[in-house]
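The values are calculated or read from the model by the stated rules, or taken from the named source; none is laboratory data. This structure is a prediction, so every number in the text was calculated from the model and none was measured. All Cβ positions, even for glycine, are placed from backbone atoms using ideal geometry, and neighbour counts span all protein chains on display.
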Amino acid sequence: MATKKGIQFDPKVFLSVIGAGRTIVSLQKKQTIYAQGDPCDAVFYVQKGKIKLTVVSDSGKEAIVAIWSDGDFFGEGSLVGQAKRIGAASAMTECTLMRIENKAMKRALYEQRKLSELFVTHLLSRNIRYEEDLVDQLFNSSEKRLARILLLLARFGQDGLAHTTEVGEISQETLAEMVGTTRSRVSFFMNKFRRLGFVDYNGGLIVHSSLLNVVLHD
């Protein structure tokens, strides 16, 4: 994957332009990307949209374990010998993804330092997020967990985030699965957040950064 002499490698171009082992995938809402148990043969990068990862237990119970959006990688277990997908990935909104075959991704990571740095930063950030999720589940109330999830969906704290961010359409059933509570409790808290001016609905869910007050309040 050598670049032409005088042309510097740009990770953003690599992750946005079709090339060897790289294809762009367009998805409609609710469309499946891969199913639980499918072969691990590629890594995905979210150019636009939201993706959810669900896992189904042997007893048939389904849980949402992750949500990815613009700028996220997912499916990277394929790079370290994971043979089968441990969960199912599907589109929560209309999405555009870059699908990178394992061989192409491994070669690019080996040859291109900028891409490796971007990928490692992503993995470290995700690991920190998982640790925060665990603490959240162990010690915080369902109201705080819901507030934190809404802020994460709005990508609070990332560069360029406005005080108000449109999350788009997301059902209360989905939020309840992510929080680990009932839909009625989510409905109660969402109505409360709306009354306090922390969230709005205008064809989709709008989250205000003032919702952080719920997370910080003891």
So ILE100, is it free of Cβ contacts under 8 Å to residues at least 12 places away in the same chain and either aliphatic (A, V, I, L, M) or farther than 27 Å from GLY37 by Cα (or both): no
- line: Over the stretch 108-125, the set of residues in contact (Cβ under 8 Å) with a residue 40 or more places away in the chain and either within 17 Å of the chain's Cα centre (by Cα) or in the same structural domain as GLY180 (by TED's automatic domain parsing) (or both) is LEU118, PHE119, HIS122, LEU123
- prompt: Can you list the helices (runs of 4 or more DSSP H) found entirely within the stretch 172-218 that contain at least 2 residues being closer than 25 Å to ILE51 by Cα and modelled with pLDDT of 85 or more?
  reply: 172-179, 183-195
task: Run LEU53 past the list (1) assigned to a helix (DSSP H, G or I); (2) free of Cβ contacts under 8 Å to residues at least 60 places away in the same chain and report the number of the one that doesn't hold.
output: (1)
- prompt: Taking the stretch 124-157 as the region of interest, how many residues are surrounded by 11 or more Cβ atoms within 10 Å (Cβ to Cβ) and of a type in the set (A, V, I, L, M, F, W, C)?
  reply: 9
- line: Wholly inside the stretch 75-169, helices (runs of 4 or more DSSP H) that include 1 or more residues that are modelled with pLDDT of 90 or more and more than 30 Å from PHE9 (Cα to Cα) are 142-153
field: Residue identified as closer than 29 Å to MET178 by Cα, at pLDDT below 90 and either touching a helix residue (DSSP H, G or I) at 6+ places or on another chain (Cβ under 7 Å) or not small (Gly, Ala, Ser) (or both) among LYS48, LYS61, LYS30, LYS4
entry: LYS61
